[in-house]
Amino acid sequence: MNWILIKAKQTPAPADWSPIINTFRDYGIENTLEEANCITGCYVDVDGVRTQIESLRTALLALGVDDVIDEPFVEVDWENEWKKFFKPRRVGSHFVVRPTWESFDALPSDKVIVLDPGQAFGTGDHPTTRMCLEYLEMQVASSNSVLDLGCGSGILAVGAKMVGAGETLAIDIDPIAVEVAKENITRNNVEVKTAVGDVLELQLESRWDIVVSNIISATLINLAPDAAYALKSGGKWIVSGIITQNWSDVKKAAEKSGFTYIEHREEDGWNAGVFEK
């Protein structure tokens with residue numbers, strides 16, 4: 001299979017790449033790579049792809065990027081290449097995130113999440129995921145119902161269940177992410193349901209004690225009403241994936257949707273927080 005690499009370049013790099021990432025997604029590229037001064041994605045080289053590339057180029061240039069380059073992609077065995085850098089890692093007080101291809105001598109108190117991210121986001125090796133797991137340790141009480149909204153690899157739903165959650169549901173609008181989550185749920189032998197869709201179409205109104213969302217800022221802002229719709233009165237929304245410059249915008253969106261700010265933390269320029277309905 002042949003691929004075409006698309007690079008959107010901007011110098012200096014913007015404080016927030018999310019509008020550009022969202023534009024890639026609007027034109028069919030779900031997974032992108034952020035580099036020093038560009039966002040990169042790929043199309044499969046099939047009939048009609050040139051028209052799609054030009055439409056994407058026009059949309060990106062309208063956002064103010066300096067240049068959009070397309071070129072043939074020389075495929076590397078990325079699936080095995082990145083595994084060299086994903087090792088078992090302790091998170092919070094008791095979590096250990098272990099990739100399927102690594103062994104680990106666990107302590108009796110450890111809650112080991114065995115993970116194969118596949119094509120979905122979420123390895124526990126990024127501050128955004130780590131902070132979510134730490135908040136789940138703090139916020140999940142015995143038998144709380146938990147909704148993982150935008151589940152990616154399913155790591156947060158699995159973690160919630162391991163710290164005592166009751167009914168737990170992992171949802172995403174990306175069917176591939178949900179399939180990856182299903183595999184990781186089965187791998188960890190926890191009882192978590194999955195579904196493709198959003199809270200409105202799945203009719204999840206006022207059902208959840210905790211909603212957790214680890215997604216880019218622009219999506220969190222759009223999801224604030226959905227999170228409020230899904231939570232019970234007094235329920236908590238745990239958010240992450242927010243660069244420092246965007247924290248105030250996410251906070252404003254949450255408060256506009258009826259949430260009360262509880263707390264937040266920052267690690268390496270990334271922010272996570274907790275709101276109460």
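Observations, loosely collected:
- Axis of helix 217-230 versus longest Cα principal axis of the chain: the two differ by about 40°, to the nearest ten degrees.
- Among beta bridges that DSSP assigns inside the chain, antiparallel share in %, nearest 5: 60 percent
- Once both labels are positioned 7 Å from their Cα atoms along Cα-to-Cβ, the gap between S109 and T58 label points is 6.1 nm.
- In range of the label at E34: residues from the range 250-270 whose backbone nitrogen is under 14 Å from the point 7 Å along Cα→Cβ: 267-270
- Over the range 3-73, the reciprocal of the mean inverse Cα-Cα separation, the Kirkwood hydrodynamic radius, stands at 11.9 Å.
- For q = 0.08, 0.16 Å⁻¹, Debye-computed log10 I/I(0) when each Cα of the chain counts as one equal scatterer: -0.34, -1.30
- Rounded to the nearest 500, the 222 nm mean residue ellipticity of the chain from helices alone is -9000 deg cm²/dmol, with -39,500 (n - 2.57) taken per DSSP H run of at least 4 residues.
- The value for the range 121-276 of Rg(Cα) / (2.2 N^0.38 Å) is 0.92.
- Helix 127-139 and the longest principal axis of the Cα set of the chain meet at an angle near 20°.
- Only lysines eight or more places from K251 in sequence, or on another chain, were considered; those with a Cα closer than 30 Å are K9, K161, K193, K232, K236, K277.
- For the chain, the longest principal axis of the C-alpha atoms and the axis of helix 247-256 are separated by about 60°.
Coordinate-derived values only; no laboratory data. Nothing here was measured: the structure is a model prediction, and the numbers come from that model. With ideal geometry, Cβ positions are generated from the backbone for all residues, glycine too; neighbour counts draw on all protein chains shown.
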